[in-house]
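**Q** Structure below; questions to follow.
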Amino acid sequence: MASVLATPPAGSDLQAIPCSGRNSSLEIMSMRRDPFGFADRRRAQFGNVSGLNAFGVQMVMTGNPRAAQELLMNKDRAFANGPAWSYFIGPFFNRGVMLLDFDEHRHHRQILQQAFGTTALKGYLQEMQPMIAERVAEFPVGSVKLFDQFKALTLDLALEVFLGLNLPRDEADRINKAFIDTVRAGVAYVRKPVPGGRWWKGLRSRKVLEEFFYANIAAKRARETPDLFSVLCHAETDEGHSFADEDVVNHMIFVLMAAHDTSTITMTQMAYNMAKHPEWQDRARAESLELGPELGYDALAGMTALDLVMKESLRLCPPVPAQPRMAVKDTSIEGFYVPEGTIVTTSSLSSHRDPEFFTNPDMFDPERFGPERAEDKSHRFAWMPFGGGVHKCIGLYFGQMEIKTIMHHLLRGYEWSVPADYVLPMDYSALPVPKDRLPVTLRRR
Ligand code: HEM
């Protein structure tokens, strides 16, 4: 039975958002099980903007580039990140930059930005390259779950490049596990610290991470080193503002989390697509062989085939599939009335498959990003895996550099395949991950 989310004020020409009267837990479960089917059903029933009541919070779902632009560009500052993202990940990623808003966000982002400029990126590449080459050369062969290989590698790289600490294996594993538990906690159904439950483990792990960073901060402040941790300890704005210890810890925890799952998911999708479409694996490999073993920063731009595969993989499976915001005053989206306190989300999973902007949107077709077709330019928010507006991903260049470097070494050293009828089974309950962790047959070349 359809109802409306809230009635627009008398005299307003805004429309009321249609809302399903169905049990909210069932709705959320069906969205997590099959987000594409869920979005199609909702669009057919309610149109482009619809609402639901999720565990006592009013939520509005949109999934097209126009709504994304309105929400993320946030022209009249009606939408905030903090209260919306906090609903999902708040206690675990408290005061990370993505959870800050308006002037405070701008101030923190300005300082953080210093860790993501071209000079810093070139330094990170230099640090990462030997470790990537060595670790990829050690990949096992035969039947291999590539998702696991990518995940272990990106976690270790994040510790190396961002922390600049040489951690013993068991300490690195302890920190990695704490990150995994904090991320998993965000999608717990039971959102209370019941001992042994996901929420409880998430809070416990957040403490482990805080203690770890606080314990290392004095040494980082004492001596500058070329890693994110050190940059955050020493960075200053033109006005001489710098981060307090608490800010450094909060940003480190958030950035490390933001950096590794997203890259792992992207590489897993790229490897899957190149296994299903070996002609693209061959094209990308030919470029990598030509470039030589060590990838320079300037060579990244010349990896045309890999770039097309990456863009198409990010389109079909954006690692951050939706971006939520909370209305901090009564406002509107696409001409619909949104009362203060409502969470509004934009789904790139849906925008990326909008047939108005992408031809045969369910098909793997990297050429759609080539200069002749340039479908990603059909609307400013048609292709938006890194979001948009003031919260646009700060790590987008770092992420692409890391992904291309790992894939470069993989392509040069190996070939991989999946059976012709294999389809990657996805779990969309948090960030989209393969249920079977992508088993491939990996052969050394
Ligand atoms: C393929 C890889 C990645 C994807 C698809 C991705 C996606 C995103 C998206 C969609 C947002 C915006 C969320 C929102 O507006 O609500 C975001 C924000 C962010 N990302 Fe990424 N990300 C990736 C890699 C990285 C990496 C490698 C880092 C760090 C090194 C990073 C750090 C951040 C940070 C700090 C923010 C918050 C920025 C702000 O609020 O100002 N991301 N990312």
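**Q** Tell me the accessible surface of Arg77 in square angstrom (1.4 angstrom probe, heavy atoms of protein chains only), to the nearest ten.
**A** 120
**Q** What does the convex hull of the alpha-carbon atoms of segment 272-369 project to on average, in nm²?
**A** Seen from a random direction, the Cα hull of segment 272-369 projects 8.9 nm² on average.
**Q** Another question about this same structure. Using a 1.4 angstrom probe and counting only protein chains, how large is the accessible area of Lys276 in Å², to 10?
**A** In the full protein context, Lys276 sits at about 70 Å².
**Q** Hey, another quick one. As I understand it, the dipole of segment 39-121 uses +1 on the Cβ of Lys and Arg and -1 on the Cβ of Asp and Glu, about the Cα centre. Which of Leu121, Gly47, Ser86 lies farthest toward its positive end?
**A** About the Cα centre, the residue reaching furthest to the positive side is Gly47.
**Q** Here's a follow-up. Using modelled amide H (1.01 Å from N, peptide plane; none on Pro or chain starts), what sits under 5 Å from the amide H of Ser332, excluding residues fewer than 5 places away?
**A** Here the answer is Val338, since their amide H atoms fall under 5 Å of that of Ser332.
**Q** Please list 3J(HN,Hα) in residue order for segment 218-226, calculated via the Karplus relation 6.51 cos²θ - 1.76 cosθ + 1.60 where θ = phi - 60°; whole Hz, with x for glycine and proline.
**A** 3J(HN,Hα) across segment 218-226, in whole Hz: 4, 5, 5, 5, 6, 9, 7, 9, x.
**Q** Here is a follow-up. Residue-wise, which Karplus ³J(HN,Hα) couplings in Hz belong to segment 134-148, taking 6.51 cos²θ - 1.76 cosθ + 1.60, θ = phi - 60°, and x for glycine or proline?
**A** Karplus values, whole Hz, x for Gly and Pro: 5, 5, 5, 4, 8, 4, x, 10, x, 7, 10, 8, 5, 4, 5.
**Q** Oh, and also: By the gyration tensor of its Cα atoms, with a ≥ b ≥ c the square roots of the eigenvalues, what is the shape of segment 369-445: rounded for a/c under 1.5, prolate for a/b over b/c, or oblate?
**A** Since a/c reaches 1.5 and a/b is larger than b/c, the shape of segment 369-445 is classed as prolate.
**Q** Quick check: pseudo-label points 7 Å beyond the Cα along Cα→Cβ at Asp421 and Glu372, how many nm apart are they?
**A** 3.5
**Q** Find the relative contact order for the chain and round it to a whole percent, using C-alpha pairs within less than 8 Å whose residues are 6+ positions apart.
**A** Relative contact order of the chain: 25 percent.
**Q** Also, I was wondering about something else. Assign unit charges at the C-beta atoms only (+1 for Lys and Arg, -1 for Asp and Glu), then state the dipole size of segment 1-157 relative to its Cα centre in Debye, rounded to the nearest 20.
**A** It works out to roughly 300 debye.
**Q** Can you give the percent of C-alpha pairs in the chain whose distance is more than 27 Å?
**A** Tail of the P(r) past 27 Å holds 55 percent of the pairs.
**Q** So for the chain, taking the charge dipole from beta-carbon charges (+1 Lys/Arg, -1 Asp/Glu), which of Phe147, Val249, Leu167 sits furthest toward the positive end?
**A** Checked the options; the winner is Phe147.
**Q** Taking all protein chains in place and a 1.4 Å probe, what share, in percent, of the accessible surface of segment 184-232 do carbon and sulfur account for?
**A** 59
**Q** Can you give me the Cα centroid spacing of segment 327-358 and segment 365-386 in angstrom?
**A** If we compute the Cα centre of each part, the gap is 21 Å.
**Q** List, in order, the whole-Hz ³J(HN,Hα) value for each residue of segment 377-389 obtained from phi through the Karplus relation with A = 6.51, B = -1.76, C = 1.60 and θ = phi - 60°; use x for Gly and Pro.
**A** Listing the rounded values in order: 8, 5, 8, 4, 10, 5, 10, 9, x, 9, x, x, x Hz.
**Q** For segment 39-150, calculate the relative contact order in percent as a whole number, restricting contacts to Cα pairs under 8 Å that are 6 or more residues apart.
**A** Computed over segment 39-150, the figure is 11 percent.
**Q** Can you give the charge dipole size of the chain about its Cα centre, rounded to the nearest 20 debye, using +1 on the beta carbon of Lys and Arg and -1 on the beta carbon of Asp and Glu?
**A** 1160
**Q** Can you show me the helix-derived [θ] at 222 nm for the chain, built from DSSP H runs with n ≥ 4 at -39,500 (n - 2.57) apiece and divided by the number of residues, rounded to the nearest 500.
**A** Only helices count here, giving -15500 deg cm²/dmol.
**Q** Further question on the same structure: Per residue, how large is the accessible surface of the chain? Use a 1.4 angstrom probe and give square angstrom.
**A** About 43 Å² of surface per residue is accessible.
**Q** About the Cα centre of segment 345-441, how large is the charge dipole given +1 on each Lys and Arg Cβ and -1 on each Asp and Glu Cβ? Please answer in debye to the nearest 20.
**A** Rounded to the nearest 20 debye, it is 380 debye.
**Q** Starting from the Cα of Lys329, draw a straight line to each of the lysines and keep only those under 27 Å, dropping any in the same chain fewer than 8 residues away.
**A** Hits, sequence-local ones excluded: Lys75, Lys392.
**Q** Applying 1/(1 + (r/R0)^6) with R0 = 35 Å to the Cβ-Cβ distance of Ala219 and Glu104, what FRET efficiency is obtained, to the nearest 0.05?
**A** So, using R0 = 35 Å, E works out to roughly 0.80.
**Q** Please give every one of the lysines within straight-line cross-link reach of Lys122, meaning a C-alpha to C-alpha distance under 19 Å, and leave out same-chain neighbours fewer than 8 residues apart.
**A** Straight-line reach from Lys122, under 19 Å: Lys404.
**Q** Another question, then. If you roll a 1.4 Å probe over segment 39-134 with all protein chains in place, what percent of the accessible area is carbon or sulfur?
**A** Here it works out to 50 percent.
The values are calculated or read from the model by the stated rules, or taken from the named source; none is laboratory data. Note that the structure is predicted; figures quoted are calculated from it, not measured. Glycine also receives a Cβ, built like all others from the backbone with ideal geometry; neighbour counts cover every protein chain displayed. Note: areas computed on protein heavy atoms with side chains; ligands, DNA, RNA excluded. Shrake-Rupley method; radii C 1.70, N 1.55, O 1.52, S 1.80 Å.
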